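The values are calculated or read from the model by the stated rules, or taken from the named source; none is laboratory data. Model, not experiment: these values are computed from the prediction. Ideal geometry is used to build each Cβ from the backbone, glycine not excepted, and the neighbour counts take in all protein chains shown. These area figures cover heavy atoms from the full protein model, side chains too; ligands, DNA and RNA do not enter into them. Shrake-Rupley method; radii C 1.70, N 1.55, O 1.52, S 1.80 Å.
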Amino acid sequence: MNLLKRLPITFLGELHQVKLINFSVEREEVEPFVPWKLKIRDFKGRAMISMVNVDLKHMHPDFLPESLHFNYRHIGFRLLIEDKQWNKGLNKGIFFMRSFTDNGLIAQGGQLMTDYNLEKAEIICTNQLLALKKDDQYLTYALDENTPRQTDECLKQTIGSIDRAYSLLDGQIRMTKILREKWPIDWVNCYHFKTNFFETARLEGAFQVNETIYYQWTPPQPIR
């Protein structure tokens, strides 16, 4: 199974209707799910999860023509980690704790070929609402166009700087870079947020991207 994950494949595609719902949790709640070689980034004694909800379109390996593309909705619990030791003192990385799609074939392919920890789930989604359900676990949010009452420029800078994902395969830490020309995240008001995926979840802020983003997901490289 891990042989497919080692294939040096670059994926190209488009990101549409990007939403980033950021919430903190107590570190003890997520520590059991993080490979011991990765260090959880500290946010005033808590851990930060930046959940991405995105409509992926025209996805295809770079060695195939765009006409042979696939589309799917991707929702991922991205845990921010401490990786400044590999990036000249800058923290820029996440670890995909869990990811979800409502497409069963994509979920199977993702499990075989990627480190997203991709699962099939029930998803109801519009541009401003999400209902995610996996067995007896759920997450819901609702957004509007009002300006949030409070904004945190440090949070925006932190989330905006994320451009790489880490994983562990056969004891080896691997890093995947996310290449994109721009990443214009803007504040959006999240007036409803509720989940039982995490008992200690606390909403910290939400962002959206109001344009199509063209990007590359590069092959994982081992960290020495």
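Name the residues in segment 87-102 that are in a loop (DSSP other than H, G, I, E, B) and buried (at least 16 other Cβ atoms within 10 Å of the Cβ), would you? Write out each step before concluding.
Of segment 87-102, the ones in a loop (DSSP other than H, G, I, E, B) are 87-92, 102.
The answer is N91, K92, D102.
When H60, H74, H16 are checked against the criterion of being in a strand (DSSP E or B) and modelled with pLDDT under 95, H60 stands alone in meeting it.
Could you say which residue among L12, L38, L56 is within 18 Å of the chain's Cα centre (by Cα), open to solvent by 40 Å² or more (accessible area, probe 1.4 Å), closer than 20 Å to D115 by Cβ and not charged (D, E, K, R)? Spell out how you get there, then give the answer.
Working: L38 fails: open to solvent by 40 Å² or more (accessible area, probe 1.4 Å); L56 fails: open to solvent by 40 Å² or more (accessible area, probe 1.4 Å).
So the residue among L12, L38, L56 that is within 18 Å of the chain's Cα centre (by Cα), open to solvent by 40 Å² or more (accessible area, probe 1.4 Å), closer than 20 Å to D115 by Cβ and not charged (D, E, K, R) is L12.
What do you reckon, is R73 free of Cβ contacts under 8 Å to residues at least 60 places away in the same chain and crowded, with 18+ Cβ neighbours inside 10 Å? Steps first, please.
Working: free of Cβ contacts under 8 Å to residues at least 60 places away in the same chain: yes; crowded, with 18+ Cβ neighbours inside 10 Å: yes.
Yes, satisfied.
Close contacts from segment 145-162, counting a first residue that is over 19 Å from W183 (Cβ atoms) and a second that is at pLDDT 95 or above, with Cβ to Cβ under 6 Å and a gap of 6+ residues or different chains, come to N146/N189; P148/W187; P148/N189.
How about segment 85-114: which of its residues are among the basic types (K, R) and under 18 Å from P220 (Cα atoms)? Matches in segment 85-114: K92, R98. With a requirement of 1 or more residues that are open to solvent by less than 30 Å² (accessible area, probe 1.4 Å), in contact with an Asp or Glu (Cβ under 9 Å, 6 or more places away or on another chain) and at pLDDT below 95, the strands (runs of 3 or more DSSP E) lying completely within segment 103-210 that satisfy it span 164-169, 172-180. Of all the numbered requirements in (1) in contact with a Leu (Cβ under 9 Å, 6 or more places away or on another chain); (2) open to solvent by less than 40 Å² (accessible area, probe 1.4 Å); (3) among the aliphatic types (A, V, I, L, M); (4) closer than 30 Å to F63 by Cα, I223 misses one, and that requirement is (1).
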